[in-house]
Amino acid sequence: MNRLLRDPAFLVLPLALFLLVFYLLPVVQMLLRSTGADWSFRPFVDAFSSEVTLKVFWLTARIAVIVTVLTLALAYPLAYFIATTGERTAMVLLALVLVPFWTSILIRSYAWMVLLGQNGVVNGFLRWTGVIDAPVRMLNTTFAVYVGMVHVLLPFMVLPILSSLKAIDGRLVAAAENLGAGPGAVFRHVIVPLSMPGVLAGSVLVFVLSLGFYITPALVGGPSDMTVSMLIAGEVDLYRWDVASAIATALLIVTLVTLALFGRVVSLERIFGGAR
Amino acid sequence: MGAGDIGTTRSRAGSPVRFAGVSKSFGSFVAVHPLVLDVKEGEFMSFLGPSGSGKTTTLMMLAGFEEPTDGRIYIGHQDITAVPPARRNVGMVFQSYALFPHMTVEQNIAFPLRMRGLSKAEQMREVGRVLEIVGLERFGRRFPGQLSGGQQQRVALARAIVFQPPVLLMDEPLSALDKYLRSHLQSEIRRIHRDLGITVVYVTHDQDEAMTMSDRICVMRDGRIAQVDAPEALYSRPQDEFVAGFLGESNMLDAVVAFSAERTLQLEIGGDRIVLPVARQPAGGQVRLSVRPEHVAFHPDPAGGATVADVTYVGDHRRYDLRLADGGMLIVKAQSTGAEPVPPGARVTVDWPAAQIRAFSEGTALQ
Ligand SMILES: Nc1ncnc2c1ncn2[C@@H]1O[C@H](COP(=O)(O)OP(=O)(O)OP(=O)(O)O)[C@@H](O)[C@H]1O
Ligand SMILES: [Mg+2]
């Protein structure tokens, strides 16, 4: 017992068991299923011989890229403002970012349905201000997918960027100013490069999460906004477990490859991480 | 100002710096009281003082990172009080180095040149020049994280001088380094100062460092200047009781005025009488004396008023703790060569070196 206590590894045992039973085993089962009988990889052939599958993969990747870019564009200025403003304002803004985070995705997606519908708040407001005469179709469009997903994913981008901005040593900013850098140059040459680890971490998170999105596009997207997860769900509905497994495996591979590629870039930070 | 081996075309003399009644308050707390100080061009001026005495605050006002509450600061003939840090053109070496971790050594040093719009070729030439000055020619491609503390400090120095600022500021630049590296870099900084003819304002709380490096030292205490003087003058003629005690080791003794006339003051310390050539003081009044341990002597004397309390052998000298007749303690450093040590318990008579004793009344020197 004494020995055990000295090595805290046993503390993670319950979690390891849990993951083994409820996560690892199903994944292995899924992988095995997707290979088909006698390693024929038949389910893959079935899945990817259909144009739809390829198209959905392409659509999903495109949504993920666009959502990542949009989220980054919105999150960076916000994180920068939170990092530089007074403590009280920062707290309030951070709370505003986090509160939706604690609400279920399903509820948030329903909320967007209410907001973006034909008689929703947004259309009502636009008509009241006279910007438009007739309601604009916003719900069940790709636009709605972007809005909903960006909203859901914003905290995953804001938090890593904020933490890397806060980690920047204020003396580096002072040093840059002393060496002749104005506010713009300080931002471009010091703030932006040093917050890159946060930008990359946030982007990976958002991109990978976007790849697996299901509820939001299903609820607020249009008929053509099909994601891989929806495709998998459709196959499961048809009891085509093997094809569903094959598509899921392909999605897993795409995700892992993305992570590996980003991992390469992020590890660069190790080199200059030691200077502080 | 000598160009030295740096190349005559690049040499540019340092600029004088003037603090004209500069003060700084944080809320109701006054960190720096109105400060009047002239640093001459090409001078190496150190700010020395205990923690919290306002050294960093003063330096930060010169660099532009703290705004003076009152007063003006001049570099050369220009009033820079309202000039933003980026346009002050002063080099600064931060205590923490403050190197950009995402840039190589070369990029770090080229940064101020890039900000001044120099071409790539000019940047590389200047970077090569200062890398040579600080002896880091082979390290240009490394990142700061791949350098030792001493090397990082040299990069910080190179970056601060590469744009040939007329004034170089350093805030305890060597305090994070070990003793050996420290003395090595001290002489390197002195050499660079000599070669470039640049004005240096140097902050330290290490008195040996201030003594060996500076042309003049500005001793600070509680946000005020206690004394500004050359190291030797500061050591031998402190104007202030605090300076006497702060710089080097000093015996501080209380004495009573026995008799006083024009420029003669007869004092009583520990049963002895001494005469100092200082201004008249009220008889019976109290005077504080400071005397360096190496300036006092004594001789064995069975009728002497003092006793040896302790002897310590310290290599080239012996250190005696004497107990005076009035119970006060006196430290004496005596050459250890030849003579036999005087044993503890022996009675001795102190030979007071009147010429080397400084007398203070209410903290201020009487001489
Ligand atoms: N931003 C600030 N707000 C309030 N007080 C401050 C601030 N900066 C400095 N002070 C105070 O001003 C005084 C002088 O500080 P300063 O940093 O100049 O001291 P220093 O001489 O550099 O000391 P050290 O040797 O410890 O570095 C200190 O009492 C400090 O607490
Ligand atoms: Mg300081």
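Observations on the structure shown:
- The sole residue among A:275, A:260 that is modelled with pLDDT under 90, small (Gly, Ala, Ser) and crowded, with 17+ Cβ neighbours inside 10 Å is A:275.
- Note on region A:5-50: no enclosed helices (runs of 4 or more DSSP H) hold 1 or more residues that are aromatic (Phe, Trp, Tyr), over 17 Å from residue A:250 (Cα atoms) and open to solvent by less than 100 Å² (accessible area, probe 1.4 Å).
- Residue check for residue B:158: open to solvent by less than 40 Å² (accessible area, probe 1.4 Å), within 14 Å of chain A (Cβ to nearest Cβ) and not aromatic (Phe, Trp, Tyr): yes
- Considering region B:51-72, and only residues there that are part of a loop (DSSP other than H, G, I, E, B) and more than 7 Å from ligand 1 (Cβ to nearest atom), the residue that is nearest to the other protein chains (Cβ to nearest Cβ) turns out to be B:65.
- Filter result (basic (Lys, Arg) and open to solvent by less than 60 Å² (accessible area, probe 1.4 Å)) within region B:120-148: B:129
- Odd one out for residue B:67 among (1) within 16 Å of ligand 2 (Cβ to nearest atom); (2) open to solvent by 60 Å² or more (accessible area, probe 1.4 Å): (1)
- Selection from region A:169-196 of residues that are modelled with pLDDT under 95, more than 8 Å from chain B (Cβ to nearest Cβ) and open to solvent by less than 30 Å² (accessible area, probe 1.4 Å): A:195
- Count of residues meeting criterion [closer than 25 Å to residue A:195 by Cα and open to solvent by 30 Å² or more (accessible area, probe 1.4 Å)] in region A:51-80: 11
- Yes/no for residue B:102 being in a loop (DSSP other than H, G, I, E, B) and on the phi < 0 side of the Ramachandran plot: yes
- Test: residue in region B:36-43 that is modelled with pLDDT of 95 or more, within 16 Å of ligand 2 (Cβ to nearest atom) and crowded, with 16+ Cβ neighbours inside 10 Å: no
- Those residues of region A:99-116 which are in a helix (DSSP H, G or I) and of a type in the set (Val, Ile, Thr), in sequence order: A:99, A:105, A:107, A:114
- Listing of helices (runs of 4 or more DSSP H) fully contained in region A:182-245 that carry 3 or more residues being in contact with a Pro (Cβ under 9 Å, 6 or more places away or on another chain): A:192-211
- Residue check, residue B:128 outside any loop (DSSP other than H, G, I, E, B) and either more than 9 Å from every other protein chain (Cβ to nearest Cβ) or within 24 Å of the chain's Cα centre (by Cα) (or both): yes
- Taking residues in region B:95-109 that are under 19 Å from residue A:167 (Cβ atoms), and partners anywhere that are in a loop (DSSP other than H, G, I, E, B) and within 16 Å of ligand 1 (Cβ to nearest atom), the pairs with Cβ atoms closer than 8 Å and at least 6 places apart or on different chains are B:96/B:176.
The values are calculated or read from the model by the stated rules, or taken from the named source; none is laboratory data. Note that the structure is predicted; figures quoted are calculated from it, not measured. Every residue, glycine among them, receives a Cβ derived from its backbone with ideal geometry; neighbour counts consider all protein chains shown. Side chains included, ligands, DNA and RNA excluded: accessible areas come from the protein's heavy atoms. Shrake-Rupley method; radii C 1.70, N 1.55, O 1.52, S 1.80 Å.
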